Amino acid sequence: MKKPSKVQATNIVRAGIVSAFFAVVGTLGFVTVGVTVNAAPGSPGVPEAPVVIFEEDFQNTPSTSPVGLLSYTGADGMGYTAAAPWLTNCNGEIVAFNTPDTDFSTTNCDVGNGTNITKAYDQVRRLAYALGQLNGMGGSSGQNKALTAYTDSGSSYVDPGAGLVQLETQTPIVPTGSNRRFIISGIDGAAVNCNIGGTVEGRLVFYLLDNGTPRQVNQTPFNVCDSNTTTTPPVLDTNGALGPSNDSVRSGHYVPDSALLTNSNSLGLRVTNLEGGGQGNDNALDNIRLLDASPKLDKSFAPMSVGVNGVSRMTFTVTNTTDLLAKQGWSFTDNLPGDLLVSATPNTQSDCPNYVVGWAPDRKKVDYNGDLNQGQVSCTMSIDVTSAVAGTYTNGQANLSSVVGVRMPADAVVKFLPKSPNTGIGRLLTNPLLVIGCSGLAAIAILVIRHRSIRQH
């Protein structure tokens with residue numbers, strides 16, 4: 001039998017080593033280190049609706065009978081107050097369209113003569129009906145209750161005075177969590193006697209009571225008469241002298257135009273009417289809300305698995321809420337877990353307006369500051385991190401401190417993997433990250449002995 005040449009013998013050995021290598025890999029199930037593809041926590045870059053932290057719909061009464069504002073208590077125990085002129089002369093009454101005609105004398109719409117002489121009692125109930133229609137109650141709109149005002153003495157209109165409080169919460173609203181947040185307000189309104197010569201129209205301004213300090217929320221006053229939604233509630237005619245009430249009613253949802261970053265965790269709400277006239281200025285309020293419009297945080301690492309002393313890109317995504325109002329001045333500190341460090345070359349990058357990213361000298365803590373502009377959906381801030389110690393590092397809510405104006409992220413995980421042993425056999429392999437088992441070593445040893453035997457002949 002013809003002996004193989006030296007070149008042929010060498011190729012046989014190489015082929016044997018490669019065959020043994022893949023046989024061991026197939027037997028032991030080892031794979032090469034790669035990037036694990038997982039979805040990032042949450043939905044980065046997808047805005048979510050603001051979270052309601054307080055809401056009042058004035059439905060917390062046992063019947064359809066009228067209730068004065070000072071006597072009303074909300075479902076969560078909240079009480080309310082207002083300036084004196086907004087608590088008399090058919091102002092400050094919580095009524096529904098279905099409030100009985102016979103209850104007229106129990107309201108401050110009756111100034112003593114027992115006659116609904118100017119239709120005020122009918123009109124305020126129709127305002128409540130229009131708000132039910134606005135909110136999709138359909139045939140049940142007669143049950144909707146609202147805080148109403150008609151500025152009427154029974155014989156003539158009454159000027160309440162400009163810039164007075166029409167509604168104010170009496171006890172602090174304390175949201176869960178202790179960090180500062182961005183707050184917006186919401187309210188539904190209805191108005192009658194709009195766009196009539198000689199009448200005035202209410203102009204509402206909302207204030208956030210931030211630890212008792214009033215801070216203006218909406219920069220443009222809310223005038224319900226500007227709404228394009230018109231309803232004509234059913235006719236009412238309660239023992240009046242002016243005939244049935246059948247006027248059309250304007251109604252609308254207030255759309256906030258700015259968000260306030262709170263200074264405390266003790267909040268309240270004030271609604272002030274800038275209009276001081278009483279001829280007109282006839283309105284109703286419903287579904288008063290405070291909402292947390294703080295952007296959400298999402299955190300991710302790429303790659304999610306890397307060798308020790310390698311680099312992973314840590315990215316925070318700051319996503320606005322669906323209102324897309326400007327959110328200026330948010331910040332937080334990320335305290336890196338375990339042996340995770342900012343890379344010696346951090347390579348910071350961001351598209352957040354006015355962003356600042358800084359880190360401590362020990363590279364264990366990263367400070368983030370930035371803004372979201374009006375209409376901006378989201379922005380990102382990235383920095384490289386590393387570790388000289390193998391391990392799995394979880395970075396999430398527990399690692400954040402000094403949080404201002406953002407909602408906490410879900411946990412994100414990065415793995416730093418140990419290096420493979422640098423054995424003699426390992427130097428024969430094309431991929432030093434792969435490890436060969438005992439059976440593979442035996443196969444290689446036999447091939448090497450055979451190779452030496454061939455060369456000796």
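Miscellaneous remarks
- All of (1) outside any loop (DSSP other than H, G, I, E, B); (2) touching a strand residue (DSSP E or B) at 6+ places or on another chain (Cβ under 6 Å); (3) surrounded by fewer than 21 Cβ atoms within 10 Å (Cβ to Cβ) hold for Ala398 with one exception: (2).
- Residues that are of a type in the set (A, V, I, L, M, F, W, C) and under 22 Å from the mean Cα position of the chain (by Cα) within segment 41-95 comprise Val46, Ala49, Val51, Val52, Ile53, Phe54, listed in sequence order.
- Number of the exception - Gln279 against (1) more than 19 Å from Gln397 (Cβ to Cβ); (2) crowded, with 21+ Cβ neighbours inside 10 Å; (3) over 23 Å from the mean Cα position of the chain (by Cα): (2)
- Residue in segment 71-78 that is acidic (Asp, Glu), under 19 Å from Val271 (Cα atoms) and either part of a loop (DSSP other than H, G, I, E, B) or modelled with pLDDT under 95 (or both) present: no
- Any hit, segment 284-295, residues being in a strand (DSSP E or B), over 30 Å from Gly132 (Cα atoms), basic (Lys, Arg) and under 27 Å from the mean Cα position of the chain (by Cα): no
- Checking Thr73 against (1) surrounded by fewer than 18 Cβ atoms within 10 Å (Cβ to Cβ); (2) free of Cβ contacts under 8 Å to residues at least 60 places away in the same chain; (3) farther than 24 Å from Ile173 by Cβ, the condition it does not meet: (3)
- Taking (1) on the phi > 0 side of the Ramachandran plot; (2) surrounded by fewer than 18 Cβ atoms within 10 Å (Cβ to Cβ); (3) modelled with pLDDT of 50 or more; (4) not polar (S, T, N, Q) in turn, Cys90 satisfies each apart from (2).
- Answer residue from segment 236-260, given it is of a type outside the set (S, T, N, Q), surrounded by 18 or more Cβ atoms within 10 Å (Cβ to Cβ) and at pLDDT 90 or above and is farthest from Asp188 (Cα to Cα) among those: Leu236
- Just one residue in the set Ala390, Ala344, Ala410 is closer than 23 Å to Val306 by Cα, under 23 Å from the mean Cα position of the chain (by Cα) and surrounded by fewer than 17 Cβ atoms within 10 Å (Cβ to Cβ); that residue is Ala410.
- Qualifying residue in segment 147-158 (condition: within 30 Å of Leu297 (Cα to Cα) and within 32 Å of the chain's Cα centre (by Cα)): no
- Among residues of segment 226-277, those that are assigned to a strand (DSSP E or B) and free of Cβ contacts under 8 Å to residues at least 60 places away in the same chain, counted: 1
- Strands (runs of 3 or more DSSP E) wholly inside segment 104-197 that include at least 3 residues being surrounded by fewer than 24 Cβ atoms within 10 Å (Cβ to Cβ): 164-169, 182-192
- Residue within segment 302-309 that is in a loop (DSSP other than H, G, I, E, B), among the polar types (S, T, N, Q) and touching a Pro at 6+ places or on another chain (Cβ under 7 Å) present: no
Okay, residues lined up against (1) at pLDDT 95 or above; (2) touching a Phe, Trp or Tyr at 6+ places or on another chain (Cβ under 7 Å); (3) outside any loop (DSSP other than H, G, I, E, B):
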{"site": "Gln376", "(1), (2), (3)": "yes, no, no"}
{"site": "Met381", "(1), (2), (3)": "yes, yes, yes"}
{"site": "Asp384", "(1), (2), (3)": "yes, no, yes"}
{"site": "Thr394", "(1), (2), (3)": "yes, no, yes"}
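The values are calculated or read from the model by the stated rules, or taken from the named source; none is laboratory data. Quantities reported herein were computed from a predicted structural model and do not represent experimental measurements. Ideal geometry is used to build each Cβ from the backbone, glycine not excepted, and the neighbour counts take in all protein chains shown.
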